[in-house]
Amino acid sequence: MTPTFPLLENYLSYMEAALGRSENTIKEYRYDLILFARFLKLDRGLIPEGTPLEEIDISDIDVKMLNKVTTDDLLAFIIWLSRSRKQSNAARARHIASLKSFFKYLHSKRRVIDSNPAYDIETPKIGKRLPKYLTLEQSQELLKTAYESPKDSNERDYCMLTLFLNCGLRLSELRGINTNDIHGTTLTVIGKGNKERTIYLNDACLEALDDWMNKRATLKIKPEAGKALFVSKRGTRISCDMIQITIKRLLEEAGIDTRIYSVHKLRHTAATLMYKYGKVDIRNLQIILGHQSVSTTQIYTHVDDEALQRAIESNPLANFDPEKKKKKDD
């Protein structure tokens, strides 16, 4: 892991312990703030000319240097990102969020800097993009492909896929499931921010779990993975990488473009199918998916173009023809 500096490590620990941020979020913020620290030293001429960006040592960054950072320094960094890396508004917004969070921590929580240089920086607006998802037919074909696979891991892989497509789980949530998290027809998962939620299991999930548990009972599982629901052929808790590799293989075998679809798109698919075919209330869908805000869930209310078309066509004026009306009156 790239060496940082004490205040940054303290901040990242605070994010994990106090704010309950996910491992991926902390990794992204670490990357953003290391990049800013390197830019800061580069911009101030504090390194030998020609030093590659990735080789800039930031271990000497301290309170004194951070206390001198101005809003102009942060804006210069954002402009540098835009010009040198041609970043999208979404990527730029994340970098700004990282800076605002870090300097707020230094100013309001630790009180080690006199003012917050990121306070007035505005975040660029990001246009909402509709989520990509598999159709019902593609989802059925994918499940059929997994079920009929000749691989030894067939029961496990089919069970993972079934939970993804029926429950809308995140990758980390599925990986973290323990056998004692299953209580009859319910499943307890730990989501973002270390928040626990209960998911109800339908018949397809229960049958897939039964088949996998029967197969799992025949495997030699290492003591440290004794509670893990999904394990590898080595008897360890399955890794996130292995889950992604498995899903990618199944997508390819089902003839689905893996340049577009991935594990996370299965979560989008589950949400879309529930909303489109199950007519799930948006608030209930929010609870199922574990979204903190209903505004995040609302992206799924815009994906059903067919329903919108049917709604327009169901208008009693849809078949009104003024010419026919005129002839009838005559």
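For the stretch 236-261, enumerate the residues that are surrounded by fewer than 15 Cβ atoms within 10 Å (Cβ to Cβ), β-branched (Val, Ile, Thr) and in contact (Cβ under 8 Å) with a residue 40 or more places away in the chain.
Of everything in the stretch 236-261, just one residue is surrounded by fewer than 15 Cβ atoms within 10 Å (Cβ to Cβ), β-branched (Val, Ile, Thr) and in contact (Cβ under 8 Å) with a residue 40 or more places away in the chain, namely Ile260.
Does the stretch 201-216 hold any residues that are out of contact with any helix residue (DSSP H, G or I) (no Cβ under 8 Å at 6 or more places or on another chain) and under 10 Å from Cys159 (Cβ atoms), and which are they? Before you say what the answer is, go through the steps one by one.
If we filter the stretch 201-216 for residues that are out of contact with any helix residue (DSSP H, G or I) (no Cβ under 8 Å at 6 or more places or on another chain), which is where we start, we get 203, 206-207, 210.
Answer for the stretch 201-216, where residues must be out of contact with any helix residue (DSSP H, G or I) (no Cβ under 8 Å at 6 or more places or on another chain) and under 10 Å from Cys159 (Cβ atoms): Glu207, Asp210.
When you go through (1) of a type in the set (S, T, N, Q); (2) assigned by TED's automatic domain parsing to the domain that holds Ile26; (3) crowded, with 16+ Cβ neighbours inside 10 Å one by one for Thr71, which number turns out not to apply?
For Thr71, the exception is condition (3).
Closer than 22 Å to Glu16 by Cβ, out of contact with any His (no Cβ under 8 Å at 6 or more places or on another chain) and not assigned by TED's automatic domain parsing to the domain that holds Leu35: does that describe Ala118? Spell out the reasoning first.
Working: closer than 22 Å to Glu16 by Cβ: yes; out of contact with any His (no Cβ under 8 Å at 6 or more places or on another chain): yes; not assigned by TED's automatic domain parsing to the domain that holds Leu35: yes.
When the stated conditions are applied, Ala118 passes them.
Looking at Ile260 and the list (1) within 26 Å of Leu206 (Cβ to Cβ); (2) not in a helix (DSSP H, G or I), which single condition is not satisfied?
In the conditions (1) within 26 Å of Leu206 (Cβ to Cβ); (2) not in a helix (DSSP H, G or I), Ile260 misses (1) alone.
For the stretch 4-108, which fully contained helices (runs of 4 or more DSSP H) count at least 1 residues that are under 27 Å from Gly290 (Cβ atoms) and among the polar types (S, T, N, Q)?
Details: elements: 6-17, 23-43, 63-67, 71-85, 89-104.
By residue number, 6-17, 23-43, 89-104.
Of all the residues that make up the stretch 26-48, how many are crowded, with 20+ Cβ neighbours inside 10 Å and either at positive phi or within 17 Å of the chain's Cα centre (by Cα) (or both)?
1
Quick check: is even one residue across the stretch 154-170 aromatic (Phe, Trp, Tyr) and over 28 Å from Leu19 (Cβ atoms)? I'd like the intermediate steps shown before the answer.
The first filter runs over the stretch 154-170 and keeps only residues aromatic (Phe, Trp, Tyr), leaving 158, 164.
Going one step further and asking which of them are over 28 Å from Leu19 (Cβ atoms), we end up with 158.
Yes, because at least one residue in the stretch 154-170 is aromatic (Phe, Trp, Tyr) and over 28 Å from Leu19 (Cβ atoms).
If I go through the stretch 217-244 residue by residue, how many of them are over 13 Å from Ser153 (Cα atoms) and either assigned to a strand (DSSP E or B) or within 18 Å of the chain's Cα centre (by Cα) (or both)?
Total meeting the criteria: 6.
For Ala228, work out the one condition from (1) small (Gly, Ala, Ser); (2) surrounded by 13 or more Cβ atoms within 10 Å (Cβ to Cβ); (3) free of Cβ contacts under 8 Å to residues at least 12 places away in the same chain it doesn't fulfil.
(3)
Of all residues being at pLDDT below 90 and basic (Lys, Arg) in the stretch 69-108, which is nearest to Leu12 (Cα to Cα)? Just the residue, please.
Arg94
Which residue, of Ile61, Ile79, is more than 30 Å from Glu173 (Cβ to Cβ), surrounded by fewer than 13 Cβ atoms within 10 Å (Cβ to Cβ) and out of contact with any strand residue (DSSP E or B) (no Cβ under 9 Å at 6 or more places or on another chain)? Before you say what the answer is, go through the steps one by one.
Details: Ile61 fails: surrounded by fewer than 13 Cβ atoms within 10 Å (Cβ to Cβ).
Of the residues listed, the single one that is more than 30 Å from Glu173 (Cβ to Cβ), surrounded by fewer than 13 Cβ atoms within 10 Å (Cβ to Cβ) and out of contact with any strand residue (DSSP E or B) (no Cβ under 9 Å at 6 or more places or on another chain) is Ile79.
Any residue that is farther than 30 Å from Asn194 by Cβ and of a type in the set (Asp, Glu) - is there at least one of those in the stretch 39-52?
Yes: the stretch 39-52 contains one or more residues that are farther than 30 Å from Asn194 by Cβ and of a type in the set (Asp, Glu).
If Lys233 satisfies every condition in (1) charged (D, E, K, R); (2) closer than 25 Å to Thr185 by Cβ; (3) at pLDDT below 95 but one, which is the exception?
Evaluating Lys233 over (1) charged (D, E, K, R); (2) closer than 25 Å to Thr185 by Cβ; (3) at pLDDT below 95 leaves (2) as the failure.
Please pick out the residue among Thr198, Thr162, Thr188, Thr179 that is surrounded by fewer than 21 Cβ atoms within 10 Å (Cβ to Cβ), touching a helix residue (DSSP H, G or I) at 6+ places or on another chain (Cβ under 6 Å) and closer than 27 Å to Asn24 by Cα.
Thr188
The values are calculated or read from the model by the stated rules, or taken from the named source; none is laboratory data. In this text the structure is predicted, and so the values were computed from the model without any measurement. Cβ coordinates were reconstructed from backbone atoms using ideal geometry, including for glycine residues, and neighbour counts include every protein chain displayed.
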